Amino acid sequence: MRNRHGGSSIAAIPRVAIPSSANVRELEALTPAFMSWYVQHPFSTDADEVLAGLKLFFRFYPEIGENRSIAALDPAEVAARLASLIIHTVHEGVMATYSLMQFMRFLEDSGLWSGNPESYRAVTGVLTDIICLDMRARVSGGTETAAMVTAAPAN
């Protein structure tokens, strides 16, 4: 098939997230250290729920090349994946956001963040924006959370 400009129509198909078993394996390798860190902090959310949120997110976080790691997240990819989750199911998307926020704190506290400082700030900014929007939506009735979060990703 060809599109109007003579190029292949395949180029016009949006990129689809393929489930990543490598990301989940990497998360599983970090889980004992994360769990140890998590129980040392006074978080109100059950650790199993946080792990479920992380596994859900990382299954669909793109795995590109051998140098890609869940300890160096790309802010634009994080925003895109969370927006997609929130559009499909608000609760799981917000839970994944909260879980990622805790995971980012763990990576920083343990010295495991392998990205640059700017990307760390950008990712935590995206997560903070989504959490703040969710909190404001809950106060105002909660019905517009998905629209608010997906309308303006922080970047």
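At a 10 Å Cβ-Cβ cut-off, how would you order Met35, Met95, fewest neighbours first?
Least to most surrounded, the residues fall as Met35, Met95.
Can you give the local net charge around Arg25? Use residues other than it whose beta-carbon is closer than 12 angstrom to its beta-carbon, Lys and Arg +1, Asp and Glu -1.
Residues close to Arg25 contribute a combined charge of -1.
Counting other C-beta atoms within 10 Å, which of Ile87, Ile130, Ile70 has the fewest, and how do the rest follow?
Lowest to highest Cβ neighbour count: Ile87, Ile70, Ile130.
Return the distance in nm (one decimal) between the two label points of a simple spin-label model at Glu77 and Glu118, each offset 7 Å from Cα along Cα→Cβ.
Using points 7 Å along Cα→Cβ, the separation is 1.8 nm.
Using a 7 Å offset from the Cα along the Cα-to-Cβ direction at both His41 and Cys132, what is the distance between the two label points in nm, to one decimal?
So the label points at His41 and Cys132 sit 1.9 nm apart.
None of the figures in this text is laboratory data; all of them are computed from the coordinates on show. These numbers come from a predicted model, not from an experiment. Note that we place each Cβ from the backbone using ideal geometry, even for glycine, and neighbour counts take in every protein chain shown.
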